[in-house]
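Data first, discussion second: the structure below is written as structure tokens.
Rule-based calculations on the coordinates, nothing more; no lab input. If you're wondering where the values come from, they're calculated on a predicted model, not measured in any experiment. For neighbour counting, all protein chains shown are included, and Cβ atoms are generated from backbone atoms with ideal geometry for every residue, glycine included.
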Amino acid sequence: MLIAGNWKMNTDLPKARALAAGVRKAAETAGDVEVLVCPPFVSLDAVCQVMRGSAVQVGGQTLYPEDSGAFTGEVSAPMLRSVGCSHVIVGHSERRQLFGETDEEVNARLVQAHLHGLVPILCVGETLQERNAGHQQTVVKEQLAAALAGVDIAEAADLLVAYEPVWAIGTGETASPEQAQAMHAFIRSWLNDRFGETVGVDIAILYGGSMKPHNADELLSQDDVDGGLIGGASLKASDFGAIINVATGYTA
Ligand code: PGA
């Protein structure tokens, strides 16, 4: 089980430090649950320092697919590594929708993350319109195929996939446990086909989209749900801690 917090564009530096300290404390009882937070870029260094000596890992929210250069405003994989990040989110639906990131750009970011030893958290998910039209599996399959084109994942630990139905992000609506499990099983079988069963079976597939303390149990109890990518509820250490606590019930 892995519980990841995506802080998005929230928390200034003092708030990020305070939240990080709260998460560090909450994670003390996480047992075998892996805990990860993805703060805004400007707070990454400070949050990494707060987490030092604990098991909590830190990730970026995106990256630019070049090592360095004239790319005003962007942040590279080596920069993320240099402050202590182990992970990076790629292809979040907000990046795709608000900033026009294409599947090809998601692929370039994922390749770059992988090359620099950052574990990519690849986000996939359909819009409400696509689900209503019954196209959700096709959409997710195409996103997976495009994002992972040319990528060889030799070990399950080198990739995380987050299924985040766009209609459930920040809306208070969640996929039902059955909808989540059905899509996670579909993703699992795609990963097994693509990378071989010995690898695919162990790639963690997180659910994201309005996961909260009150609904975490029904989602995390599903066979192919291996954790959560949490936005809103990761901004309060007590809520995030409560979700971590639920996850401890599902570690082997
Ligand atoms: P949410 O965000 O939990 O606020 O719906 C999840 C995400 O976008 O990763």
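General remarks:
Yes or no, residue by residue, for (1) within 16 Å of the ligand (Cβ to nearest atom); (2) surrounded by 14 or more Cβ atoms within 10 Å (Cβ to Cβ); (3) closer than 22 Å to residue 90 by Cβ:
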{"residue": "8", "(1), (2), (3)": "yes, yes, yes"}
{"residue": "13", "(1), (2), (3)": "no, yes, no"}
{"residue": "25", "(1), (2), (3)": "no, no, no"}
{"residue": "32", "(1), (2), (3)": "no, no, no"}
{"residue": "40", "(1), (2), (3)": "yes, yes, yes"}
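- Scan the range 69-97 for residues that are touching a helix residue (DSSP H, G or I) at 6+ places or on another chain (Cβ under 6 Å) and either assigned to a helix (DSSP H, G or I) or aromatic (Phe, Trp, Tyr) (or both) and the total you get is 3.
- Single residue of the range 206-225 satisfying the filter (touching a residue at least 40 places away in the same chain (Cβ under 8 Å) and within 14 Å of residue 248 (Cβ to Cβ)) that is farthest from the ligand (Cβ to nearest atom): 221
- Residues of the range 109-133 that turn out to be on the phi > 0 side of the Ramachandran plot and away from the ligand (no atom under 12 Å from the Cβ), as a count: 1
- One residue from 58, 50, 124 being within 18 Å of residue 149 (Cβ to Cβ) and crowded, with 20+ Cβ neighbours inside 10 Å: 124
- Scanning the range 206-218 for residues that are surrounded by fewer than 24 Cβ atoms within 10 Å (Cβ to Cβ) and on the phi < 0 side of the Ramachandran plot yields 212, 213, 214, 215, 217, 218.
- Qualifying residue in the range 198-205 (condition: buried (at least 19 other Cβ atoms within 10 Å of the Cβ), out of contact with any helix residue (DSSP H, G or I) (no Cβ under 6 Å at 6 or more places or on another chain), under 23 Å from residue 6 (Cα atoms) and not polar (S, T, N, Q)): yes
- Number of positions in the range 68-108 that are away from the ligand (no atom under 16 Å from the Cβ) and either buried (at least 18 other Cβ atoms within 10 Å of the Cβ) or touching a residue at least 24 places away in the same chain (Cβ under 8 Å) (or both): 16
Residue-wise test of (1) more than 21 Å from residue 110 (Cβ to Cβ); (2) acidic (Asp, Glu).
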{"position": "1", "(1), (2)": "yes, no"}
{"position": "12", "(1), (2)": "yes, yes"}
{"position": "17", "(1), (2)": "yes, no"}
{"position": "23", "(1), (2)": "yes, no"}
{"position": "43", "(1), (2)": "yes, no"}
{"position": "63", "(1), (2)": "no, no"}
{"position": "66", "(1), (2)": "no, yes"}
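- Tally of residues being among the charged types (D, E, K, R) and either crowded, with 17+ Cβ neighbours inside 10 Å or touching a strand residue (DSSP E or B) at 6+ places or on another chain (Cβ under 6 Å) (or both) across the range 219-235: 2
- Residue count for the range 83-93, restricted to those that are over 13 Å from residue 113 (Cα atoms) and either among the hydroxyl-bearing types (Ser, Thr, Tyr) or under 13 Å from the mean Cα position of the chain (by Cα) (or both): 2
- Every condition in (1) in contact with a Gly (Cβ under 9 Å, 6 or more places away or on another chain); (2) more than 16 Å from the ligand (Cβ to nearest atom) holds for residue 241 except the one numbered (2).
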